[in-house]
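**Q** The structure is given below, and queries will be raised subsequently.
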Amino acid sequence: SFIGEESVAAGEGSILTDNPTWIIDPIDGTTNFVHRFPFVAVSIGFVVNKKIEFGIVYSCIRDKMYTARKGKGAFCNGQKLQVSGQEDITKSLLVTELGSNRDPEAIKIILSNMERLLSIPIHG
């Protein structure tokens, strides 16, 4: 099976089943792409029994290939990635994305979540 972000965004329905499924977003960061902001990628995931098996993200502009496989770790251009190990959220950097849905109910939920996040005494 295949699920494409662009077809879902166009209104086509998609249901994730237990079948092996490719999930593809050919322009991950469409808004960035439209505004020439250089954070754009091609994202591909492979799911079996509704569980991700591996994923690949290629940042074309930065020429970086990120790969990850369940139980095998994550890599950038073949070099193993590590999480920081930071356990104190007050020393953490929070990054978020608001999404493109401007439905009033969605906006209320997004702003509520943002308010909760911003009340955490984070580093930045």
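**Q** Starting from the alpha-carbon convex hull of segment 83-123, give the projected area averaged over all orientations, in nm². Present the calculation step by step, with values, prior to reporting the outcome.
**A** Numbers: hull surface 13.6 nm².
Its average projected convex-hull area is 3.4 nm².
**Q** Can you list residues whose amide H is under 5 Å from A74's amide H, if they're 5+ apart or on another chain and H is modeled 1.01 Å from N?
**A** The list, which skips near neighbours in sequence, is L81.
**Q** Another question, then. Please check: in the Gaussian network model of the chain (C-alpha springs, under 10 Å), which one of V34, V95, V48 has the largest mean-square fluctuation.
**A** Greatest mean-square fluctuation among the candidates belongs to V95.
**Q** Shifting gears a bit: Which length gain, in nm to one decimal place, applies between T17 and D88 when the Cα-Cα distance is subtracted from 0.36 nm times their residue separation?
**A** Details: separation 71, 0.36 × 71 = 25.56 nm, distance 3.78 nm.
Fully extending the segment from T17 to D88 adds 21.8 nm.
**Q** Short version: ³J(HN,Hα) in whole Hz for each residue of segment 57-69, in order, from phi by Karplus 6.51 cos²θ - 1.76 cosθ + 1.60 (θ = phi - 60°), x for Gly and Pro, what are they?
**A** 10, 10, 8, 4, 5, 8, 6, 10, 10, 9, 9, 8, 9
**Q** Mind checking the dipole of segment 67-124: about its Cα centre, +1 per Lys or Arg Cβ, -1 per Asp or Glu Cβ, Debye to the nearest 20? Display every interim value, and only then the final one.
**A** Details: 8 positive and 6 negative charges, 82 e Å.
Magnitude of the dipole: close to 400 debye.
**Q** Under a 10 Å cutoff between Cα atoms, tell me which one of F54, F37, F75 has the largest fluctuation in the Gaussian network model of the chain.
**A** F37
**Q** Run the dipole for segment 1-82 about the Cα centre, Lys and Arg Cβ at +1, Asp and Glu Cβ at -1, nothing else charged, and hand back the magnitude in debye, nearest 20.
**A** Numbers: 9 positive and 8 negative charges, 103 e Å.
With only Lys, Arg, Asp and Glu charged at Cβ, the dipole is about 500 debye.
**Q** Let me ask you something else. Tell me, in nm to one decimal, what length is gained between T31 and I56 on full extension, where the rule is 0.36 nm per residue of separation less the Cα-Cα distance?
**A** Numbers: separation 25, 0.36 × 25 = 9.00 nm, distance 2.03 nm.
That pair, T31 and I56, stretches by 7.0 nm at full extension.
**Q** For segment 17-113, what is the per residue volume of the convex hull drawn over the alpha-carbon atoms, in cubic angstrom?
**A** On the way: hull volume 16.1 nm³, N = 97.
Convex hull of Cα atoms, per residue: 166 Å³.
**Q** Taking the chain as a Gaussian network, where each spring joins two C-alpha atoms under 10 Å apart, which residue of P20, P38, P104 fluctuates the most?
**A** P104
**Q** Here is a further query. Evaluate the distance, in nm, between pseudo-label points positioned 7 Å from the Cα of N101 and of R69 along their respective Cα→Cβ axes.
**A** Those two pseudo-labels are separated by 3.4 nm.
**Q** What residue among S1, S119, S100 has its Cα farthest toward the positive end of the dipole of the chain, where the charges are +1 on Lys, Arg and -1 on Asp, Glu, each on the Cβ?
**A** S119
Every number here is computed from the coordinates shown, using simple stated rules; none is lab data. None of the values given here were measured: they were computed from a predicted structure. With ideal geometry, Cβ positions are generated from the backbone for all residues, glycine too; neighbour counts draw on all protein chains shown.
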